[in-house]
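Every read-out reported here was derived from the displayed coordinates using simple, explicitly stated rules and does not represent laboratory data. Quick caveat: nothing in here was measured; it's all calculated off a predicted structure. Here the Cβ positions follow ideal geometry from the backbone for every residue, glycine too, while neighbour counts run over all protein chains shown.
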Amino acid sequence: MDKQFLIVICGPTASGKTALAADIAKELDGEVVSADSMQIYKGLDIAVAKPTEEEMKDVPHHLIDFLDPKESFSVADYVALAKAKTAEIAARKKQPVVAGGTGLYISSLVDNVTFDQDCGSDPQYRARLERLAEEKGNAYLLEQLKKVDPETAAALHPNNLKRVIRALEVYKLSGRTMTEQRINSRREPSIYRPCMMMIDYDRKTLYDRIDRRVDMMLEKGLVREARDFFSLKDSSTAAQAIGYKELKPYIDGEEPLESCVERLKRETRRYAKRQLTWFHKDERIYRIPADESTKYEEILRKAKNYIKTCRNSG
């Protein structure tokens, strides 16, 4: 059976994945499948940089804005949905383009990982971890996870509290880390012939792009969006999104907006650094070097040339 040719546009936040994926899909008569663990939720728009209609450029986008924030969603859930969606797109003779910054989603999909994490749950332990997060902060729990499972910790933002707690819970109940479970998972041969790439900005340029994007989010109404979510009865998922938790002290009248914004920029830069660490480990990913002076047209040209190379090598 011929493997499905799959284009993957990955990379850290603010690196330009959305625009590149939309342009590639438009040129190749394709459709975009998101690989973002927060864009799946309804109502989280500005904070998670959900693509606007204009940014989608009339290209169909999938696995965005479909899940209620109160619903749980696992990596296994993502792989199942993304596999079905890429198959459906290919069956319509369109080109699937996976785009996102959640490395665990992307590698699990591309490598066709079958998860075996049905080790049950421990509500008391989860409640204890949630209390610890409230008392000492989400970053404290992520540090605890880093001690036992650094690879999974590297893929998570501290605000992704549900997944941090689940990873600690899996380790407590099974005695194995999520990383070990992934390695030992039953692996079927991959159904894909992946063509993976990322825009690899130098660190200073990437951080400047992050700072500018946070400023743009604020102009679009990020504070209002965060305030609306924290007013909900169940805002646990809202607290996971970068941009909400950092602004809460301002919303509660405890800190000035300026200090909260600086914290938001700092936390986003840290998250981008962890994303870079994850993606740089995967030698299959073609890195398109870029800096402040690089024209987008040059990035797009290199991406299209690499896709041609991938196709011809198959």
* Asked: In debye to the nearest 20, how big a dipole does the chain give about its Cα centre with +1 on each Lys and Arg Cβ and -1 on each Asp and Glu Cβ?
  -> 840 debye
* Asked: Within the range 133-147, what residues put their amide N at less than 18 Å from the label point 7 Å along the Cα-to-Cβ vector of T277?
  -> 138-147
* Fully extended contour minus Cα-Cα distance, from F66 to E54, at 0.36 nm per residue -> 2.4 nm
* So what is the 222 nm mean residue ellipticity for the chain from helices alone, if each DSSP H run of at least 4 adds -39500 (n - 2.57) and you divide by all residues, rounding to the nearest 500 deg cm²/dmol? -> -16000 deg cm²/dmol
* Structure fact -> Here the range 99-113 yields Karplus 3J(HN,Hα) values (6.51, -1.76, 1.60; θ = phi - 60°; whole Hz; Gly and Pro given as x) of 9, x, x, 8, x, 5, 4, 5, 5, 5, 5, 4, 8, 6, 6
* Among G175, L156, L132 the positive-end extreme of the charge dipole of the range 123-183 (Cβ point charges) -> G175
* Return the long-range amide H neighbours of Y192 (sequence gap of 5 or more, or a different chain), with a cut-off of under 5 Å between placed amide H atoms. => Q4
* Long-range HN-HN contacts of Y201 with modeled amide H, under 5 Å -> A290
* Asked: In the range 203-227, which residues have a backbone nitrogen under 20 Å from the label point lying 7 Å from Y306's Cα in the Cα-to-Cβ direction?
  -> 203-207, 209-210
* Tell me, what does the Kirkwood hydrodynamic radius of the range 123-183 come to in angstroms if you use every pair of distinct C-alpha atoms? -> 11.3 Å
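Evaluated at 10 °C with a viscosity of 1.306 mPa s, what Stokes-Einstein diffusion coefficient in µm²/s does the chain have when Rh comes from the Kirkwood expression over alpha-carbon pairs?
In µm²/s, the coefficient is 79.
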* Structure fact -> The relative contact order of the range 123-183, taking Cα pairs under 8 Å that sit 6 or more residues apart, comes to a percentage of 29 percent
* Asked: Using 0.36 nm per residue, how much length does the chain from F230 to A139 gain when fully extended, once their Cα-Cα distance is taken away?
  -> 30.8 nm
* Estimated vicinal HN-Hα couplings, Hz - the range 204-217 in sequence order (Karplus 6.51, -1.76, 1.60; Gly, Pro = x) -> 4, 4, 4, 5, 5, 5, 4, 4, 5, 5, 4, 4, 5, 4
* To do: Among H62, H280, H157, rank each residue by its count of other Cβ atoms within 10 Å, from fewest to most, as a rough exposure measure.
  => H280, H62, H157
* Structure fact -> Log10 I(q)/I(0) at q = 0.09, 0.13 Å⁻¹ for the range 23-181, from Debye over equal alpha-carbon scatterers, is -0.34, -0.68
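What does the charge dipole of the range 123-183 about its Cα centre add up to, to the nearest 20 debye, if the Cβ of each Lys and Arg holds +1 and the Cβ of each Asp and Glu holds -1?
Once rounded to the nearest 20, the dipole reads 140 debye.
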* Give the Rg/Rh ratio for the range 257-314, taking Rg as the radius of gyration of the Cα atoms and Rh as the Kirkwood radius, to two decimals. => 1.15
